[in-house]
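Asker: Below is one structure. I have some questions about it.
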Amino acid sequence: MSKDVLAFIGGGNMAAAIIGGLRASGRPADSILVVDPGEAQRDKLRAEHGVRTFAAADPALATASVVVWAVKPQLFHAAAAPCAAHIAGALQLSVMAGIRSDAIARATGSQRVVRSMPNTPALIGQGIAGLYAREAVNAAEKATAEALLAPTGRTLWVAREEDLDAVTALSGSGPAYVFYFVEAMMQAAQEMGLSAEQGKQLALATFAGATSLAQASSEPPEVLRERVTSKGGTTYAALTSLEASGVKAAFVKALKAAQLRAKELGDDFG
């Protein structure tokens, strides 16, 4: 990725995660500028990363080859209006939920739009982001988008923009599902005589170990599950109870509800 100027519209957690990774990889501070109305956030970004910051849209935006949109979806149109005169020549990379590429193209004057759906583990470099590029985005620009997001974790391209709704349901909202199951395991630990802290340690280590094992193995998750499920054993008892309660079906239904809500947000904001 070249050392052209990068402009971030919004300087919150996701923007800070990307900026921190880029600075750690050697990108010069003066090649990054951030527009954010929050004085405290601007002060924090300057102190931690040395980047240039602005309280509002500034002509300096015209020097940016890439504009990263990291504002709350409901604030996008208000944020884009004063920026539009300066950024039409830039690649637009969105990390916002619910704002479709058509809306970004109209608001910025650029057809070169890449949408990204990251998740919160990006804050520690362990995230995964679904990516979609409009037809006007070339291969080099797609590579630029990947390089910008590399410090936050993995990337996965989808061919259709509507597929980002499924990405949102699976990985965008996914960390909350993991935390939900950890909470349940902590509750069960206490009900079975362990402490909440013991339950937390056991649950987190189990999730981390199981996902690492699944990533390292060539076997599908079904096979890995079967290998630790002896008929009549403890795991069998637990999984039989889950199936009897319809947990898998309810979980699939929940993911589809999240996908539908992502589409509705796109309809509302996009």
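The values are calculated or read from the model by the stated rules, or taken from the named source; none is laboratory data. Since the structure is predicted, the reported quantities are computational estimates derived from the model, not experimental observations. We place every Cβ from the backbone using ideal geometry, glycine too, and count neighbours over all the protein chains shown.
Asker: Residues to consider are GLN111, GLN74; find the one that is surrounded by fewer than 23 Cβ atoms within 10 Å (Cβ to Cβ), modelled with pLDDT under 95 and either of a type in the set (Val, Ile, Thr) or more than 23 Å from ARG154 (Cα to Cα) (or both). Give the steps one after another, and end with the answer.
Answerer: Values: GLN111 fails: modelled with pLDDT under 95.
Being surrounded by fewer than 23 Cβ atoms within 10 Å (Cβ to Cβ), modelled with pLDDT under 95 and either of a type in the set (Val, Ile, Thr) or more than 23 Å from ARG154 (Cα to Cα) (or both) holds for just one of GLN111, GLN74, which is GLN74.
Asker: In this structure, does SER25 turn out to be surrounded by fewer than 14 Cβ atoms within 10 Å (Cβ to Cβ) and touching a residue at least 40 places away in the same chain (Cβ under 8 Å)?
Answerer: Values: surrounded by fewer than 14 Cβ atoms within 10 Å (Cβ to Cβ): yes; touching a residue at least 40 places away in the same chain (Cβ under 8 Å): yes.
Against the criterion (surrounded by fewer than 14 Cβ atoms within 10 Å (Cβ to Cβ) and touching a residue at least 40 places away in the same chain (Cβ under 8 Å)), SER25 qualifies.
Asker: Restricting to the stretch 30-60, what's the tally of residues that are closer than 21 Å to ALA122 by Cα, part of a helix (DSSP H, G or I) and touching a strand residue (DSSP E or B) at 6+ places or on another chain (Cβ under 8 Å)?
Answerer: Selection size over the stretch 30-60: 4.
Asker: Being modelled with pLDDT under 95, of a type in the set (Gly, Ala, Ser) and touching a Gly at 6+ places or on another chain (Cβ under 8 Å) narrows it down to one of ALA262, ALA189, so name that one. Walk me through it before giving the result.
Answerer: On the way: ALA189 fails: modelled with pLDDT under 95.
Unique residue meeting the criteria: ALA262.
Asker: When residues of the stretch 167-195 are filtered for being more than 27 Å from GLY127 (Cβ to Cβ) and small (Gly, Ala, Ser), how many remain?
Answerer: Adding up the residues that qualify gives 4.
Asker: Also: Determine which member of the set ALA133, ALA139, ALA143 is crowded, with 21+ Cβ neighbours inside 10 Å, at pLDDT 95 or above and within 30 Å of GLN215 (Cβ to Cβ).
Answerer: Numbers: ALA139 fails: crowded, with 21+ Cβ neighbours inside 10 Å; ALA143 fails: crowded, with 21+ Cβ neighbours inside 10 Å.
Among ALA133, ALA139, ALA143, only ALA133 is crowded, with 21+ Cβ neighbours inside 10 Å, at pLDDT 95 or above and within 30 Å of GLN215 (Cβ to Cβ).
Asker: Since LYS231 meets every condition but one in (1) more than 21 Å from the chain's Cα centre (by Cα); (2) at pLDDT 95 or above, which condition does it not meet?
Answerer: It fails just one condition, (2).
Asker: Between a first residue in the stretch 229-244 that is over 17 Å from THR206 (Cβ atoms) and in contact (Cβ under 8 Å) with a residue 40 or more places away in the chain and a second residue that is surrounded by fewer than 10 Cβ atoms within 10 Å (Cβ to Cβ) and among the hydroxyl-bearing types (Ser, Thr, Tyr), which pairs have beta carbons less than 8 Å apart while being 6 or more apart in sequence or on different chains?
Answerer: From the stretch 229-244, no pairs qualify.
Asker: Return yes or no: is GLU162 within 23 Å of GLY20 (Cα to Cα), among the charged types (D, E, K, R) and at pLDDT 95 or above?
Answerer: On the way: within 23 Å of GLY20 (Cα to Cα): no; among the charged types (D, E, K, R): yes; at pLDDT 95 or above: yes.
It is false that GLU162 is within 23 Å of GLY20 (Cα to Cα), among the charged types (D, E, K, R) and at pLDDT 95 or above.
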